[in-house]
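Notes follow once the structure below has been shown.
The values are calculated or read from the model by the stated rules, or taken from the named source; none is laboratory data. What you are looking at is a predicted structure, and each value in this text was computed from that prediction instead of being measured. Glycine also receives a Cβ, built like all others from the backbone with ideal geometry; neighbour counts cover every protein chain displayed. What goes into the accessible areas is simple: the full protein's heavy atoms, side chains included, and nothing from ligands, DNA or RNA. Shrake-Rupley method; radii C 1.70, N 1.55, O 1.52, S 1.80 Å.
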Amino acid sequence: MPAAAELTQVLQAIAGATNCLSAAELPLYAVDGMTPRAAVYVRSVEQVAEVMRLASREGLAVTARGGGTAMRQGYAPARLDVVLLTRKMDAVLEHVPAEMTAMVEAGVTLGGLNAALAKHGQMLPLDAPASSRATIGGVLAANTSGAHRAGYGTARDRLIGIRIVDAAGTPVKAGGKVVKNVAGYDLQKAFIGSLGTLGVIVEATFKLAPLPPSRATLAGAFRELDEALAVARGLLASGLRATALDLLNARTWASVCQRTGNPTMSDRRYILAAELAGTPAAVQRMVGQVHRAITDGGGKSHPIEGEQAQAEFWQALADTGVDMAQPASMTTRCGVLWAGLPSLVHGFEAMAEGSKLEVGLDAHLTAGVMRGWWWAEGGGVPKDDTLAAEAVGTLRKAAGHHGGYMVVESCAPGVKRKADVWGQAGPELAIMRSLKQQFDPQGVLSPGRFVGGL
Amino acid sequence: MATKRRSRSLVAALQRIVGADAVLHAPDDMVVFEYDASIGKHAPQAVVAPATTAQVAAIVRLANAAGVPIVPRGAGTGLSGGAVAPRGGVVIAMTRMTRILEMDAVNRMAVVEPGVVNYKLSQVAHRYGLHYAPDPSSQKVCTIGGNIAENSGGPHCLAYGVTTNHALGMEVVLPSGEAMWMGGKEQDRPGYDLTGLFVGSEGTIGIATKIVVRLTPNPEAVRTMVAAFPEMEQASGAVSAIIARGIVPAALEMIDAMTITAVRPLMPDATYMDGAAAVLLIEVDGLRESTVEEAALVEAVCREQGATQFVTATRAEERERLWWARKNAFGALGRLAPNYYILDGVVPRTKLTPVLRQVNEIGKRYGFPIANVFHAGDGNLHPCVAFDERIAGQSERVLEAGAEIMQACIDAGGSITGEHGVGLEKKKFMPLIFSADDLAAQEKLKAAFGATELFNPCKVLPSGAGCGDGLKFPQRLPDLGPGTAW
């Protein structure tokens with residue numbers, strides 16, 4: 001095991017002196033309080049490969065980092081020697097508008113990519129908090145998603161090709177550049193949501209979507225949860241294809257409004273937020289249908305007008321937990337079907353009240369995925385990790401009551417020491433362990449952070 | 001003698017698991033199971049049709065103990081040899097497991113047994129205003145289990161995705177004989193995406209015994225159009241132009257002049273086809289207003305590219321008439337030549353024109369007429385190479401022509417298979433698109449699931465002893481029979 005100075009020297013030889021961080025900067029790249037011994041910006045697949053070869057030779061634990069927006073996921077690292085910084089691998093390698101595909105380096109930010117694609121009337125329709133910082137590699141590794149999964153699916157529905165560097169430093173590609181491809185095993189799927197534990201993502205190719213000719217966003221505010229859900233159920237049963245259909249509680253709405261200037265409608269506790277996209281006449285009709293359903297269902301309807309305001313609204317929603325003024329101290333994600341949603345929402349809110357916490361909820365209704373953002377009362381940081389840790393157990397039980405799961409997506413290191421952020425691994429753990437063993441036998445890629453301690 | 005005795009005791013053991021009437025072992029009884037819709041015949045030792053997950057698991061464990069290969073099989077409509085038994089052994093036919101276990105209209109999901117026929121699932125879902133989106137051309141016969149194995153597509157997958165985008169979880173019997181669940185109804189479960197890895201694994205790392213699928217709401221309106229072009233290049237240009245204009249059609253298919261020649265006599269009213277070098281079939285769906293607006297744009301684009309005929313249909317019977325040419329192309333082509341080799345290649349959409357030209361040139365050079373009927377919207381080609389097996393050397397040369405066409409697809413930045421799978425047929429092409437390291441990574445995936453040499457051997461990856469190197473034409477071609485649509 002080389003000493004820190006020696007390690008930095010070797011990394012400087014690989015990536016250049018200016019790309020290796022000084023000792024003073026390293027604490028900024030700590031993961032759950034563990035400071036790495038080195039951090040290096042890499043600019044090419046070859047450099048990533050060299051770092052991984054070094055890591056395998058010397059048994060170094062490596063964690064990749066893009067925009068640093070999802071670093072708090074998973075268990076605390078068992079070891080952390082090198083943080084591999086990918087932000088400088090930020091080229092859009094290929095975008096052929098007539099193909100509606102794009103191949104990018106992993107360090108491209110989601111926001112940056114969409115800004116470039118918009119000029120050609122196209123988009124990569126994924127949502128991520130802090131999208132101007134979140135990188136494609138990170139979005140894939142964390143399987144980040146948001147409200148627009150209703151209309152466009154998630155990363156696994158968009159990725160058509162990937163290139164990774166494995167633990168031994170070997171570049172491997174899976175998939176290709178075409179939207180239909182069943183050549184060989186669908187290895188790409190292994191890396192999505194793997195938190196970098198099976199390989200470092202260096203390039204990705206996506207099937208894009210056209211920017212719709214017309215879009216509308218409409219919010220409906222209700223006094224009771226049942227009213228809001230009944231309206232949503234009715235709309236979905238009628239065959240409405242919303243590109244986003246989320247249920248928010250008042251706390252989430254308040255947070256979003258604070259940042260976007262929409263009216264808080266504080267006498268209302270639950271808000272349905274819908275996005276409708278398509279040709280202008282179709283959107284007009286859908287807006288009318290949703291508006292009527294809201295008002296007939298006891299709700300107050302509030303349109304969000306203008307392309308800019310709409311984009312800001314949905315990004316603000318995705319950003320709720322990372323708002324600089326009031327960052328969430330804990331973020332949870334639950335999978336829950338319709339039958340379990342009301343009791344889960346009420347259960348989470350009751351838990352918050354009982355523990356002097358505040359919780360903002362955002363349920364993606366067509367996907368059965370609900371995010372929870374947690375603050376101490378008044379929007380600050382809880383003084384005590386114990387409360388949050390205890391909450392985790394209770395909340396997980398509530399989710400499990402209806403066959404669902406709960407994952408803590410981010411929390412303080414102290415909470416991680418006291419609570420299980422992933423939850424009990426199921427029967428899939430044996431194969432997951434085999435996969436990890438096959439792809440990273442030495443355990444150099446983010447050891448200890450993944451499900452089951454992999 | 002010893003082999004016969006072993007064989008008899010294997011059959012007896014299988015009968016004890018599933019009952020005597022669910023086991024076939026006499027060669028005459030197993031003729032249909034010697035082949036699928038690909039080329040070649042391989043005789044299994046026995047065919048068994050389990051009814052439960054426990055039976056499937058017991059069969060796999062039995063085969064493991066006896067050192068006998070197994071081959072899972074759905075309806076046998078696969079075109080790459082996935083369901084045939086090149087090393088003999090036991091074919092496990094999943095076609096007795098046909099129950100739809102659950103229809104969950106509220107959460108838009110269903111839980112089905114693997115033998116459920118694709119079309120049947122959509123028919124039942126229709127009662128709830130839903131359907132199962134992946135619709136391969138063989139959907140009236142093919143099964144969900146087979147779809148999962150091949151990650152099947154179909155004409156609607158550009159807009160709706162392929163099987164993996166609609167598979168949420170499954171109960172699987174692994175090569176070890178152990179049964180386990182991966183994925184499920186709730187989405188984004190923590191952990192590696194085993195469901196995603198399993199779909200498209202061509203029956204080599206497990207047998208799905210229950211499948212959770214996503215159902216899709218039916219569109220309010222569907223508008224089907226055909227556009228006839230005097231030149232092929234105009235048609236493929238129109239394909240790119242439609243996409244470039246921001247339309248993602250529900251379907252975008254093409255048929256060429258040779259196919260038109262075959263189907264035209266069977267469609268007396270289809271005057272729009274006369275004189276066309278290519279016909280595009282375009283479908284848009286969604287709200288009524290949106291189909292009207294999009295259809296107008298599609299027509300404008302087609303005419304800009306040179307379409308001389310354009311027909312639109314909105315009523316079900318009319319739309320079916322327009323689809324008829326595409327859906328019955330293979331059957332119609334069968335009238336023009338004694339044999340066809342159906343290829344499956346995929347290229348970037350913008351490369352359709354040059355690749356189709358190359359396909360044409362290859363056909364001329366080999367002396368084989370080639371008809372093109374395909375999913376133009378995805379760049380997924382299906383050149384049908386006509387030949388006559390009775391003429392000496394033609395069978396071998398048609399495979400050579402196919403290999404050249406494959407290479408043309410690869411050179412254009414495409415892939416060796418868009419939807420039919422690798423199976424036996426395309427193993428030898430895998431090294432043309434994947435490096436040794438890429439293939440080694442796929443081997444690791446297999447190993448992680450506990451794949452063995454006995455579990456559907458000789459499929460997908462080019463390794464494996466005693467496997468030969470892919471499809472070979474046997475001395476006598478099998479009678480493919482009706483119903484093997486593609």
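Computed quantities for the displayed model
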| quantity | calculated |
| --- | --- |
| Residue count for segment A:231-253, restricted to those that are part of a helix (DSSP H, G or I), within 23 Å of A:Glu353 (Cβ to Cβ) and either assigned by TED's automatic domain parsing to the domain that holds A:Trp375 or touching a residue at least 24 places away in the same chain (Cβ under 8 Å) (or both) | 3 |
| Single residue of segment A:78-100 satisfying the filter (assigned to a loop (DSSP other than H, G, I, E, B) and within 19 Å of the chain's Cα centre (by Cα)) that is surrounded by the most Cβ atoms within 10 Å (Cβ to Cβ) | A:Thr86 |
| Selection count, segment B:9-41, where residues are out of contact with any Leu (no Cβ under 9 Å at 6 or more places or on another chain) and assigned to a loop (DSSP other than H, G, I, E, B) | 2 |
| Residue in segment A:169-178 that is on the phi < 0 side of the Ramachandran plot, at pLDDT 95 or above, open to solvent by 10 Å² or more (accessible area, probe 1.4 Å) and more than 8 Å from every other protein chain (Cβ to nearest Cβ) present | no |
| Contacts under 7 angstrom Cβ, first residue in segment B:66-85 being under 11 Å from B:Ile39 (Cα atoms), partner aromatic (Phe, Trp, Tyr) and part of a loop (DSSP other than H, G, I, E, B), 6 or more apart | B:Leu79/B:Trp486; B:Val84/B:Tyr35 |
| Number of the exception - B:Ala149 against (1) of a type in the set (Gly, Ala, Ser); (2) part of a loop (DSSP other than H, G, I, E, B); (3) under 25 Å from B:Leu454 (Cβ atoms) | (2) |
| Test: residue in segment A:200-209 that is under 20 Å from A:Gln122 (Cβ atoms), within 9 Å of another protein chain (Cβ to nearest Cβ), open to solvent by 20 Å² or more (accessible area, probe 1.4 Å) and among the hydrophobic types (A, V, I, L, M, F, W, C) | no |
| Segment A:240-298, subset closer than 27 Å to B:Val292 by Cβ and β-branched (Val, Ile, Thr), residue nearest to the chain's Cα centre (by Cα) | A:Thr243 |
| Residue within segment B:193-209 that is in contact with a Cys (Cβ under 9 Å, 6 or more places away or on another chain) and either more than 7 Å from chain A (Cβ to nearest Cβ) or in a loop (DSSP other than H, G, I, E, B) (or both) present | no |
| Candidate set: segment B:243-283, residues that are among the small types (Gly, Ala, Ser) and open to solvent by 10 Å² or more (accessible area, probe 1.4 Å); chosen: the one nearest to B:Asn372 (Cα to Cα) | B:Ala257 |
| Subset of segment A:395-452 that is in a helix (DSSP H, G or I) and touching a Gly at 6+ places or on another chain (Cβ under 7 Å) - its residue that is surrounded by the most Cβ atoms within 10 Å (Cβ to Cβ) | A:Val451 |
| Count of segment A:49-70 residues which are over 15 Å from A:Val165 (Cβ atoms) and either surrounded by fewer than 21 Cβ atoms within 10 Å (Cβ to Cβ) or assigned by TED's automatic domain parsing to the domain that holds A:Cys411 (or both) | 3 |
| Segment B:417-444 - residue that is of a type in the set (A, V, I, L, M), at the interface with another protein chain (Cβ under 7 Å from one of its Cβ atoms) and within 28 Å of B:Asp135 (Cα to Cα) and, of those, surrounded by the most Cβ atoms within 10 Å (Cβ to Cβ) | B:Val422 |
| Residue count, segment B:398-416 (criterion: open to solvent by 10 Å² or more (accessible area, probe 1.4 Å) and within 12 Å of another protein chain (Cβ to nearest Cβ)) | 4 |
| Hits in segment B:445-467 - residues which are aliphatic (A, V, I, L, M), within 24 Å of the chain's Cα centre (by Cα) and open to solvent by less than 10 Å² (accessible area, probe 1.4 Å) | B:Leu445, B:Val460, B:Leu461 |
| B:Pro217 being surrounded by fewer than 24 Cβ atoms within 10 Å (Cβ to Cβ) and in contact with a strand residue (DSSP E or B) (Cβ under 8 Å, 6 or more places away or on another chain) | yes |
| Sole residue being surrounded by 23 or more Cβ atoms within 10 Å (Cβ to Cβ), under 30 Å from B:Glu443 (Cβ atoms) and either acidic (Asp, Glu) or touching a helix residue (DSSP H, G or I) at 6+ places or on another chain (Cβ under 8 Å) (or both), chosen from A:Ala134, A:Ala128, A:Ala183 | A:Ala183 |
| Boolean, A:Leu361 is of a type outside the set (Ser, Thr, Tyr), touching a Ser or Thr at 6+ places or on another chain (Cβ under 9 Å) and within 30 Å of A:Val51 (Cβ to Cβ) | no |
| Selected residue (only one of B:Met232, B:Met225, B:Met170 is open to solvent by 10 Å² or more (accessible area, probe 1.4 Å), more than 10 Å from chain A (Cβ to nearest Cβ) and in contact with a helix residue (DSSP H, G or I) (Cβ under 8 Å, 6 or more places away or on another chain)) | B:Met232 |
| Checking A:Phe348 against (1) of a type outside the set (A, V, I, L, M); (2) under 21 Å from A:Gly404 (Cβ atoms); (3) surrounded by fewer than 19 Cβ atoms within 10 Å (Cβ to Cβ), the condition it does not meet | (3) |
| Some residue of segment A:210-225 being more than 10 Å from every other protein chain (Cβ to nearest Cβ) and part of a helix (DSSP H, G or I) | yes |
| Sole residue being of a type in the set (Phe, Trp, Tyr), in a strand (DSSP E or B), out of contact with any helix residue (DSSP H, G or I) (no Cβ under 6 Å at 6 or more places or on another chain) and under 20 Å from A:Arg259 (Cβ atoms), chosen from A:Trp314, A:Trp374 | A:Trp374 |
| Single match in A:Leu140, A:Leu110 (criterion: buried (at least 19 other Cβ atoms within 10 Å of the Cβ) and away from chain B (no Cβ under 13 Å)) | A:Leu110 |
| Only one of B:Ala332, B:Ala295, B:Ala325, B:Ala300 that is without any contact (Cβ under 8 Å) to a residue 12 or more places away in the chain, part of a helix (DSSP H, G or I) and open to solvent by less than 60 Å² (accessible area, probe 1.4 Å) | B:Ala300 |
| Any pair with Cβ under 9 angstrom, 6 or more apart, that starts in segment A:334-359 at a residue that is within 14 Å of chain B (Cβ to nearest Cβ) and ends at one that is open to solvent by 30 Å² or more (accessible area, probe 1.4 Å) and assigned to a helix (DSSP H, G or I) | A:Cys334/A:Arg396; A:Cys334/A:Ala398; A:Trp338/A:Arg233; A:Gly340/A:Ala398; A:Pro342/A:Asp226; A:Leu344/A:Ala398 |
| Candidates A:Gly74, A:Gly33, A:Gly67, filtered to the one that is closer than 29 Å to B:Gly191 by Cβ and touching a Gly at 6+ places or on another chain (Cβ under 7 Å) | A:Gly67 |
| Sole exception among (1) free of Cβ contacts under 8 Å to residues at least 24 places away in the same chain; (2) among the aliphatic types (A, V, I, L, M); (3) not in a helix (DSSP H, G or I) for A:Ala277, by number | (1) |
